[in-house]
Amino acid sequence: MFLLFRPPLDRRFIDAGRVSCPVRGGDIDVDRCAGCCWLVSFDDASRTPSIRCRPDFVPAGFLHLPL
């Protein structure tokens, strides 16, 4: 039941202008996401700004859900 409130796995939160990138494997500037072909949406108007991206491949451990 509590999984209903979990954010989508492809949602990445922006912190101090940086975001975790599943493709490059680390934190990058948000400006680099603007030109990425896997960017789905960019939400900067909400209380917690975030981006959503969907890469063609999934690195090992990317979809690991904690119990």
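Test R24 against the criterion of being of a type in the set (D, E, K, R), part of a loop (DSSP other than H, G, I, E, B) and at pLDDT below 90, and give yes or no.
Working: of a type in the set (D, E, K, R): yes; part of a loop (DSSP other than H, G, I, E, B): yes; at pLDDT below 90: yes.
When the stated conditions are applied, R24 passes them.
Only one of V40, V30, V23, V19 is of a type in the set (A, V, I, L, M, F, W, C) and touching a Gly at 6+ places or on another chain (Cβ under 9 Å). Can you tell me which?
Numbers: V40 fails: touching a Gly at 6+ places or on another chain (Cβ under 9 Å); V23 fails: touching a Gly at 6+ places or on another chain (Cβ under 9 Å); V19 fails: touching a Gly at 6+ places or on another chain (Cβ under 9 Å).
From the options V40, V30, V23, V19, the qualifying one is V30.
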- Query: Among the residues of the stretch 27-53, how many are outside any strand (DSSP E or B) and under 11 Å from the mean Cα position of the chain (by Cα)?
  - Reply: 4
- Note on the structure: Within the stretch 30-67, restricting to residues that are of a type in the set (F, W, Y) and modelled with pLDDT under 75, the one that is farthest from A16 (Cα to Cα) is F57
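The values are calculated or read from the model by the stated rules, or taken from the named source; none is laboratory data. Quick caveat, the model's predicted, so the values are computed rather than measured. Cβ: placed from backbone, ideal geometry, glycine included. Neighbour counts: every protein chain shown.
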